[in-house]
1. I need the full set of residues from the range 210-224 which are farther than 25 Å from residue 405 by Cα, surrounded by 13 or more Cβ atoms within 10 Å (Cβ to Cβ) and out of contact with any Ser or Thr (no Cβ under 9 Å at 6 or more places or on another chain), in order please.
2. Looking only at the range 234-250, which residues are open to solvent by 10 Å² or more (accessible area, probe 1.4 Å) and not in a strand (DSSP E or B)?
3. Consider the range 262-311. How many of its residues are open to solvent by 10 Å² or more (accessible area, probe 1.4 Å), under 19 Å from residue 333 (Cα atoms) and not in a loop (DSSP other than H, G, I, E, B)?
4. Are any of the residues in the range 206-214 among the charged types (D, E, K, R), free of Cβ contacts under 8 Å to residues at least 12 places away in the same chain and on the phi < 0 side of the Ramachandran plot?
5. Answer yes if at least one residue in the range 32-50 is free of Cβ contacts under 8 Å to residues at least 40 places away in the same chain and surrounded by 19 or more Cβ atoms within 10 Å (Cβ to Cβ), and no otherwise.
6. Look through the range 292-338, keep the residues that are over 24 Å from residue 278 (Cβ atoms) and among the polar types (S, T, N, Q), and return whichever of them is modelled with the highest pLDDT.
7. Out of the residues in the range 133-164 meeting the condition of being surrounded by 14 or more Cβ atoms within 10 Å (Cβ to Cβ) and among the aliphatic types (A, V, I, L, M), tell me which one is nearest to residue 114 (Cα to Cα).
8. When you check residue 108 against the structure, is it open to solvent by 30 Å² or more (accessible area, probe 1.4 Å), within 17 Å of residue 176 (Cβ to Cβ) and touching a Cys at 6+ places or on another chain (Cβ under 7 Å), yes or no?
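The values are calculated or read from the model by the stated rules, or taken from the named source; none is laboratory data. Keep in mind that what you see is a predicted model, and the values were worked out from it rather than measured. Ideal geometry is used to build each Cβ from the backbone, glycine not excepted, and the neighbour counts take in all protein chains shown. Heavy atoms of the whole protein, side chains included, go into the accessibility calculation; ligands, DNA and RNA do not. Shrake-Rupley method; radii C 1.70, N 1.55, O 1.52, S 1.80 Å.
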Amino acid sequence: LYFLLALLCNISLLHSKISSNEISIKDVKILYSNFSNDDKNLEIAIADFSAMWAIRVGTLLKFCHEENELNKGVSSIILVKDESLKNLPSGTFEIYIDVDDIIISSYNSEGICHALYTIAHQVLGARWYWPSALGFEWIGEAPKEYTFDNLRVEPSFDMRTLYPMDNDFSLRNRLSKGYFLNHNAAKIFKPKYKSLYPNIFSSVSASQSFVIGDTRLDLQPNFANPLAVDITAKEIVSFFKKNPYERSFSISPNDNTLFDESELTKSIVFPLEYFRDRPNYSNLTFSFANQVANKVFNEEGLWETPSGEKRYITMLAYYWTEQTPEFPIHPRIMPILTSDRAQWHDESYRMEDMDLIRRWSNAGSDRLGTWDYYYGAPYPYPRQFNEFLSSSILYLYENNVDVFFSQIPSFWGLDGPKAWL
């Protein structure tokens with residue numbers, strides 16, 4: 001049975017796929033790739049994998065980029081680009097045995113990296129529990145034969161990122177980036193605008209009036225002002241045109257509660273309601289987000305990247321804006337749900353948070369993200385509530401959350417195992 005693997009650089013590989021799913025690891029001598037050789041992460045992964053193979057299997061893999069270096073009768077690990085996987089989640093890969101070769105295919109190099117580290121983890125027994133050599137362990141013994149059914153792995157989450165994080169740890173444990181989620185209003189509403197358009201910033205009765213480009217200290221924009229909507233939409237359009245392959249832009253509020261106190265804003269947020277003992281301003285910020293999205297996507301038509309990936313505007317559902325708004329949100333607004341889900345050990349908080357996740361899942365967005373607080377500080381003990389963290393991740397997945405971000409390691413000695421788990 002013959003089929004054609006995908007093309008890259010006008011190279012095609014034709015293999016006879018047979019029923020055998022077992023190969024002698026000792027016989028594998030070559031590691032071949034027809035991916036570009038200037039991909040830094042792939043270069044790191046191949047070097048890592050080759051070193052681990054030499055240690056665990058006892059044979060040194062010869063690496064090559066040229067098809068004619070594949071010796072007939074010599075078992076190889078072959079990395080190939082597969083166009084048929086293009087529309088699957090980024091990082092998807094397939095592994096199968098073809099005669100005497102191990103074939104690893106993916107549409108992108110991210111998937112190839114995931115595949116190499118999957119073999120390192122599941123077959124060779126490599127574990128990176130935290131960064132540096134101190135966090136590395138071998139588990140069990142490497143088998144003499146590599147036996148498995150044909151394998152396809154599609155990531156359950158479109159993004160899995162921990163912060164702050166060592167790049168090697170992220171690569172080796174198959175984490176992935178892809179979307180910008182952080183506070184960003186101060187980067188849109190620049191200090192120079194204060195004299196030009198003073199009304200696009202919040203009017204507050206307190207003495208604070210910072211506009212210095214700081215996402216922690218700056219006033220919030222006046223989310224009720226139509227000019228603020230126009231300025232934000234133009235900023236996003238300009239960003240996507242300069243960066244055509246970027247999939248997201250954050251319009252999340254600054255990390256404070258310096259919201260506008262004008263009559264127009266009060267007409268939106270009053271009568272004031274409370275959620276988790278804090279004022280609820282979700283109607284204000286997500287109405288603003290909807291208006292921005294209508295201009296960016298409906299008027300400008302920037303729905304996809306040139307490669308066909310959907311674009312999103314991200315907005316933190318954070319602090320005064322955790323509650324769902326009273327109206328549907330634009331499908332390309334990606335709310336980022338913020339919570340310390342270690343607190344699920346408190347049943348009342350767990351039930352409330354599960355209900356909130358369900359409501360966000362039905363709020364109208366195509367995609368949801370989460371920002372979980374897993375770090376240990378300022379608590380004086382390691383917060384290893386693994387049962388609740390793992391059950392919350394499963395619950396998020398079941399309710400259409402597929403963008404995962406967590407702040408985690410204050411101290412690797414306390415929080416490192418939690419990151420790996």
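1. The initial filter retains those residues of the range 210-224 that are farther than 25 Å from residue 405 by Cα, namely 210-212, 219, 221-224.
Then keep just the ones that are surrounded by 13 or more Cβ atoms within 10 Å (Cβ to Cβ); that gives 210-211, 219, 221-224.
210, 211, listed by residue number.
2. Taking the range 234-250 as the starting set, the residues that turn out to be open to solvent by 10 Å² or more (accessible area, probe 1.4 Å) are 234-235, 237-239, 241-247, 249.
Across the range 234-250, the qualifying residues are 234, 235, 237, 238, 239, 241, 242, 243, 244, 245, 246, 247.
3. Adding up the residues that qualify gives 10.
4. Applying the first criterion (among the charged types (D, E, K, R)) to the range 206-214 yields 214.
Filter again for free of Cβ contacts under 8 Å to residues at least 12 places away in the same chain, leaving none.
No - not one qualifying residue is present in the range 206-214.
5. To start, the set of residues in the range 32-50 that are free of Cβ contacts under 8 Å to residues at least 40 places away in the same chain comprises 37-38, 40, 43, 47, 50.
If we keep only those that are surrounded by 19 or more Cβ atoms within 10 Å (Cβ to Cβ) too, we end up with none.
No; the residues of the range 32-50 include none that is free of Cβ contacts under 8 Å to residues at least 40 places away in the same chain and surrounded by 19 or more Cβ atoms within 10 Å (Cβ to Cβ).
6. Applying the filter and picking the extreme gives 294.
7. Checked the range 133-164; the qualifying residue nearest to residue 114 (Cα to Cα) is 153.
8. Values: open to solvent by 30 Å² or more (accessible area, probe 1.4 Å): yes; within 17 Å of residue 176 (Cβ to Cβ): yes; touching a Cys at 6+ places or on another chain (Cβ under 7 Å): no.
So residue 108 does not fit the description; no.
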